[in-house]
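**Student:** Got a structure here, written out as structure tokens. Questions coming.
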Amino acid sequence: MSQQDPRKIVVCRCENVTLSQILEAIDEGFDNLELLKRRLRVGMGPCQGTTCLLMIARILMQKTGKSFEEVFLPSNRPPIHPVKLKNFAGGGRES
Amino acid sequence: MKAEVVVIGAGVIGVLTTAALLEKGISNIVVVEKNYPGSGGSFRCATGIRASFTSREHVEVMKRAIELWPILSSKYGIKYSRDGYLWVLTREQDVEFFKKVVEFQNSRGVPTRVIGPSEVQELVPTMRTEKIIAAVHDPLAGKADCFEAVLNPLRDLRKQGVSILSRTQANKLIVEDNTVKGVHTDKGVINADQVLVAAGGESRKLLKTIGIDLPIRDLPKHVMVTETFKPFIKPLIIDWSTSSYILQLLHGNFYIGADIPEQYDVEASNKIEFLRKAARVWTDYFPWLKEVYILRYWTGFYDMTPDHHPIIGPIKEVEGLYVAAGFSGHGFMMAPAVAEALAEYITGGKPVVKEFENLNYERFVRGDVIKEIAVFG
């Protein structure tokens with residue numbers, strides 16, 4: 001990893017979570033993506049982890065020695081892409 | 001491996017009970033979790049907290065929980081607020097029903113009130129109130145952060161030397177001469193004199209391994225969350241006639257639930273029907289909600305018992321065995337009081353809130369189910 005200050009490296013842009021917060025959480029025992037997600041909210045923003053989760057998986061692999069298959073993927077839910085409520089509010093037999 | 005107490009399930013019940021046991025001086029505790037802490041109902045739930053129920057047992061237990069939530073919030077840094085609940089009524093017959101409910105609740109010290117549409121408007125300025133005839137406001141109710149409620153105490157447990165065995169499945173309870181001897185897990189046997197089964201939906205399967213059939217059936221439930229906004233809607237709002245609800249979580253997302261026809265004990269699957277119903281109901285009350293993005297839709301279960309009340313306490317037929325399951329959708333809000341009561345039972349005492357004793361497993365054996373003035377929530 002680079003010489004930059006991990007407190008200044010933002011990994012999860014949606015929820016503004018830095019590298020140092022992630023490293024600290026892993027040290028506290030939150031050593032998998034599911035736990036990191038609930039502890040730090042990484043992957044809970046509008047991009048639903050498409051930006052940050054792979055990077056965090058790599059951080060986890062480097063820090064814990066786990067394989068990619070062991071760390072990836074946390075449970076995935078619809079929609080794949082954010083959808084406005086109005087798309088479900090109309091249509092069907094009743095409106 | 002030997003422990004003083006084995007807690008099966010690292011959800012909010014298992015974790016808070018372990019914390020309560022530590023406070024009582026029990027030290028050698030092992031927590032067994034089949035997946036990761038909170039992965040069951042605890043991290044899926046709506047996080048609402050209220051004492052406005054329709055049975056003495058629910059009211060008293062929840063009142064105690066509401067006393068404990070601020071203490072836990074302060075001790076572990078768990079976000080908690082008392083922003084209230086609002087039942088919105090759009091049919092005349094519901095108003096009469098709720099007047100009786102409010103009377104019962106007031107008689108037991110829960111400060112609910114029937115209010116009119118203009119007061120609803122004051123409480124929720126961005127809501128369309130044309131269809132609202134009346135509403136019931138519960139100012140004592142609130143919400144908490146479910147992740148912090150499990151993970152913050154968990155961090156503390158780890159520091160105090162509790163063994164948290166994640167990804168470890170408890171398969172079978174070991175009982176000899178009507179006494180608990182330990183638990184068989186997929187990673188080996190753990191011997192213990194006391195075992196607490198707080199394993200949510202798995203509790204029934206575990207108790208079956210020693211011939212006890214907990215009367216719990218799983219009912220699929222559906223919820224979605226939206227993108228976040230600065231907090232501007234305080235109460236959890238229930239639209240009674242459609243069995244739907246919305247709340248703004250402490251982080252700012254809107255969390256929306258709605259009942260759609262479901263069967264017990266089936267695998268929960270995502271259904272467009274849920275999205276249509278939830279979106280229709282709430283964009284009707286909040287037209288601006290039409291432009292809001294849904295980020296995620298998931299399912300979970302209410303572990304339902306025949307009387308919609310949990311099964312909590314010692315299993316009389318087996319020395320050292322305790323259960324906390326079948327919360328029927330209200331486990332999270334009750335957790336602090338349940339943890340307190342279980343710690344009292346496990347250390348040879350009795351719960352301070354005596355209504356807990358009515359929530360024993362034996363009531364089903366006797367055919368003595370809890371009575372509510374009406375089935376509610």
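The values are calculated or read from the model by the stated rules, or taken from the named source; none is laboratory data. Nothing here was measured: the structure is a model prediction, and the numbers come from that model. We place every Cβ from the backbone using ideal geometry, glycine too, and count neighbours over all the protein chains shown. Surface accessibility is based on the protein's heavy atoms, side chains included, excluding ligands, DNA and RNA. Shrake-Rupley method; radii C 1.70, N 1.55, O 1.52, S 1.80 Å.
**Student:** Can you tell me which residue is farthest from the other protein chains (Cβ to nearest Cβ) among those in region A:40-59 that are outside any loop (DSSP other than H, G, I, E, B), under 16 Å from A:T18 (Cβ atoms) and touching a residue at least 24 places away in the same chain (Cβ under 8 Å)?
**Tutor:** So, considering only residues that are outside any loop (DSSP other than H, G, I, E, B), under 16 Å from A:T18 (Cβ atoms) and touching a residue at least 24 places away in the same chain (Cβ under 8 Å), the one farthest from the other protein chains (Cβ to nearest Cβ) is A:M55.
**Student:** Now for a different question. Hey, can you tell me all the residues within region B:277-294 that are within 7 Å of chain A (Cβ to nearest Cβ) and either within 23 Å of the chain's Cα centre (by Cα) or in a helix (DSSP H, G or I) (or both)? Explain how you work it out, then say what you get.
**Tutor:** Of all residues in region B:277-294, those within 7 Å of chain A (Cβ to nearest Cβ) come to B:279-280, B:283, B:289-294.
Of everything in region B:277-294, those that are within 7 Å of chain A (Cβ to nearest Cβ) and either within 23 Å of the chain's Cα centre (by Cα) or in a helix (DSSP H, G or I) (or both) turn out to be B:A279, B:R280, B:T283, B:L289, B:K290, B:E291.
**Student:** A follow-up question, please. Only one residue in B:V95, B:V102 is under 30 Å from B:S73 (Cα atoms), outside the structural domain of B:S244 (by TED's automatic domain parsing) and touching a residue at least 24 places away in the same chain (Cβ under 8 Å). Which one? Show your work before the answer.
**Tutor:** On the way: B:V95 fails: under 30 Å from B:S73 (Cα atoms).
After ruling out the rest, the residue left standing is B:V102.
**Student:** Any residue at all in region B:10-22 that's outside any helix (DSSP H, G or I) and modelled with pLDDT under 95? Break it down stepwise before answering.
**Tutor:** Taking region B:10-22 first, the residues outside any helix (DSSP H, G or I) are B:10-11.
In the following step, the residues that additionally are modelled with pLDDT under 95 were identified as none.
No, region B:10-22 has no match at all.
**Student:** Moving on. Would you pick out the residues in region A:22-39 that are at the interface with another protein chain (Cβ under 7 Å from one of its Cβ atoms) and either touching a residue at least 12 places away in the same chain (Cβ under 8 Å) or surrounded by 20 or more Cβ atoms within 10 Å (Cβ to Cβ) (or both)? Write out each step before concluding.
**Tutor:** So in region A:22-39, the residues at the interface with another protein chain (Cβ under 7 Å from one of its Cβ atoms) come out as A:28-29, A:32, A:34-35, A:38-39.
Matches in region A:22-39: A:N32, A:E34, A:L35, A:R38, A:R39.
**Student:** Continuing with the same structure: Identify, please: which residue in region B:28-47 is open to solvent by 10 Å² or more (accessible area, probe 1.4 Å) and more than 14 Å from every other protein chain (Cβ to nearest Cβ) and is, among those, farthest from B:L151 (Cα to Cα)?
**Tutor:** For region B:28-47, the residue satisfying everything is B:N28.
**Student:** Another question, if that's okay. Which residues, taken from region B:111-129, are in a loop (DSSP other than H, G, I, E, B), touching a Pro at 6+ places or on another chain (Cβ under 8 Å) and open to solvent by 10 Å² or more (accessible area, probe 1.4 Å)?
**Tutor:** If the condition is that a residue be in a loop (DSSP other than H, G, I, E, B), touching a Pro at 6+ places or on another chain (Cβ under 8 Å) and open to solvent by 10 Å² or more (accessible area, probe 1.4 Å), then B:P111, B:R128, B:T129 are the ones that fit.
**Student:** Hey, another quick one. Can you tell me which residues in region B:225-252 are crowded, with 21+ Cβ neighbours inside 10 Å and not in a strand (DSSP E or B)?
**Tutor:** If the condition is that a residue be crowded, with 21+ Cβ neighbours inside 10 Å and not in a strand (DSSP E or B), then B:P235 is the only one that fits.
**Student:** Also, I was wondering about something else. If you check A:T18, A:T50, which single one turns out to be at negative phi and surrounded by fewer than 16 Cβ atoms within 10 Å (Cβ to Cβ)?
**Tutor:** A:T50
**Student:** Pick out the one residue from B:F327, B:F274 that is more than 14 Å from chain A (Cβ to nearest Cβ) and modelled with pLDDT of 95 or more.
**Tutor:** On the way: B:F274 fails: more than 14 Å from chain A (Cβ to nearest Cβ).
Only one candidate passes the filter, namely B:F327.
**Student:** Is it the case that some residue within region B:142-149 is assigned to a loop (DSSP other than H, G, I, E, B) and surrounded by 18 or more Cβ atoms within 10 Å (Cβ to Cβ)?
**Tutor:** yes
**Student:** Output the residues belonging to region B:253-271 that are more than 9 Å from every other protein chain (Cβ to nearest Cβ), in contact (Cβ under 8 Å) with a residue 40 or more places away in the chain and not in a loop (DSSP other than H, G, I, E, B).
**Tutor:** B:Y255, B:G257
**Student:** Let me ask something additional. Only one of (1) within 14 Å of chain A (Cβ to nearest Cβ); (2) in contact with a Leu (Cβ under 8 Å, 6 or more places away or on another chain); (3) open to solvent by 20 Å² or more (accessible area, probe 1.4 Å) is not met by B:Y297, so which one is it?
**Tutor:** So B:Y297 meets the others, but not (3).
**Student:** Pairs needed: first member in region B:113-132, more than 12 Å from B:T90 (Cα to Cα); second member anywhere, among the polar types (S, T, N, Q) and not in a helix (DSSP H, G or I); C-beta distance under 7 Å; at least 6 residues apart or different chains.
**Tutor:** B:V120/B:T129; B:Q121/B:T129
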